[in-house]
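A short write-up of the structure that comes next.
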Amino acid sequence: MFETLSDRLTSVFSSLRSKGRLSDADIDATTREIRIALLEADVALPVVKAFVAHVKERARGVEVSQALNPAQQVVKIVNDELIEILGGETRRIRLAKTPPTVIMLAGLQGAGKTTLAGKLAKWLREQGHAPMLVAADLQRPNAVTQLQVVGERAQVAVYAPEPGNGVGDPVEVARRSVDEARRLQHDIVIIDTAGRLGIDQEMMKQAADIRDAVRPDETLFVVDAMIGQDAVTTAQAFMDGVGFDGVVLTKLDGDARGGAALSVRHITGRPIMFASTGEKLEDFDAFHPDRMASRILDMGDILTLIEQAQKTFDEEQAAKMAGKLTSGESFTLEDFLEQMMMVQKMGPIKNLLGMMPGMGQMRDQINSIDDRDLDRIAAIIRSMTPAERQDPKIINGSRRARIAAGSGVTVSAVSNLVTRFFEAQKMMKRVAGGMGMPGMPGGRGKAAKAQKKAKKGRRVSGDPRKAALGKAPAETPAEPQPGGVLGNLGGKLPPGLELPPGFDPSKLKLPGQ
């Protein structure tokens, strides 16, 4: 969503890197480009004015004028201001002292409230809570059924005493749901309320009545991040009519310009708490202003990548694979398939690569990646026999033809996979060997043996006169020093490491003596 803004800001900063010092004209030109970039991203004008004013004020201060690298300092200022405008710090849900904690969702129809209710419930269940969904949207056709389906997929309970489709009192349903949750020992209640295609008094009154009936601990305003400037107008209307404690952004995976994310928090003064980045229930997480600012400036989002890996990768399998690599055991196609399946669980490859720093410059190549290629590779490996997966060297021409026919690919595709696997296997062996690096398994010992072997043989001086006189330096044994290893220090140790009085290093027994 922030690709256009990210590209513009990256190009602005790249032009600053060649400058040793920044003049007032450079700062004015930079802030003007930042202003244009934000306006093109559909950020609200008051937000743009405030943002640019803060950046300009700090850029003309001491922190840039006395910096060794002014360009990097300007990037840091823009990053700090982006974090501030996005909320400053991550806002967590306030849990009630006495369960259940009541969370009420409000927003326009089509913003994705019902699906988001399921995503939030699943996210909370994974955090160790026992949430219950409440079907209080009784106007929209099949809204109750949709919530029941979403709840079943999220594996959470759904309270739906009324059929909906215009039948039932949503205020009474919301009121009874709190008692039901208390009776069934659910510690969180998520109320899905009705929306409209636009702002109207009836919707506002119903939302306000539900709020007064259940007195929610958190009221979350759900807004479609793709509606641009309208997001600010709608948010302000809900703020005045119902009031809310936090914002949830949906459809952040869209191709809109994303100005709503930068505008809503500044206009309403309420933090963005959650973000939905896809259609699956897993495409949902807490909103981190610092990580979003880092993505916009093409500095990556390594923390989110690590968290996704921790949630996806099984610790026992990861430890087993790590032990296999460090022990130098062969890396097989079975292991390769297992690792590939685990990576696929983390989400689309394009999204994962997009979290790496500097990947904005390779966006076209990343967008050309097709996740179906991984499915084809998996099909090829699964078409092999166990013996072929363990030892791909036995895969001859006839076997490749059989594997290609079984996986629905060409013979050349099978050959390419086998060739690339052999290259990966060589790399794994180098990693297992430590590549001669101290501290790596097998590395130090092999390097030491190779060095010792190279030193063997006849030592002859390069100077024939010294060789004739038998004075070759290589043949002259070094004069032994008292005290072995410690004695070679010449009897002097660095300050603070002097030997105690009466200590005789020559009597020290070292290993192997």
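The values are calculated or read from the model by the stated rules, or taken from the named source; none is laboratory data. Treat the numbers as computed from the prediction; the structure is a model and nothing was measured. Please note: Cβ atoms are built from the backbone with ideal geometry, for glycine as well, and neighbour counts cover all protein chains shown. Side chains are part of the model used for accessible areas, which takes the heavy atoms of the whole protein and leaves out ligands, DNA and RNA. Shrake-Rupley method; radii C 1.70, N 1.55, O 1.52, S 1.80 Å.
Before moving on, here are some points about what is shown:
- Converting phi to 3J(HN,Hα) with the Karplus coefficients 6.51, -1.76 and 1.60 and the offset θ = phi - 60°, the range 410-427 yields 7, 5, 5, 5, 5, 4, 4, 5, 4, 4, 5, 5, 4, 5, 5, 5, 4, 5 Hz in sequence order, with x at every glycine or proline.
- Extending 7 Å from Cα along the Cβ direction at LYS426 and again at ALA96 yields two label points whose distance is 6.5 nm.
- Each residue of the range 157-170 is assigned a 3J(HN,Hα), and the resulting list reads 6, 10, 9, 9, x, 10, x, x, 6, x, 10, x, 9, x Hz, derived from the Karplus form 6.51 cos²θ - 1.76 cosθ + 1.60 (θ = phi - 60°), x at Gly and Pro.
- Extension gain from MET239 to MET341, taking 0.36 nm per residue of separation minus the Cα-Cα distance: 32.2 nm
- By accessible area, using a 1.4 Å probe on protein heavy atoms only, the range 173-222 has 45% of its surface on carbon and sulfur.
- Fully extending the segment from ALA53 to ARG215 would add 54.4 nm, taking 0.36 nm per residue of separation and subtracting the current Cα-Cα distance.
- Long-range HN-HN contacts of SER276 with modeled amide H, under 5 Å: LEU249, THR250, LYS251, LEU252
- Residues ARG176 and SER14, FRET efficiency given R0 of 60 Å [Cβ-Cβ distance, rounded to 0.05]: 0.50
- Too-long pairs where the Cα-Cα distance tops 22 Å, listed order kept, from LYS97/LYS251; LYS122/LYS251; LYS56/LYS251; LYS113/LYS280; LYS251/LYS280: LYS97/LYS251; LYS56/LYS251
- Close amide H partners of ILE188, meaning residues 5 or more places away or on another chain with modelled amide H under 5 Å apart, are THR101, ALA130, MET132.
- With all protein chains modelled, accessible area of HIS266 [1.4 Å, Å²]: 80
- Here ALA401 and LYS280 are evaluated by their C-beta separation; at R0 = 45 Å the FRET efficiency comes out at 0.75.
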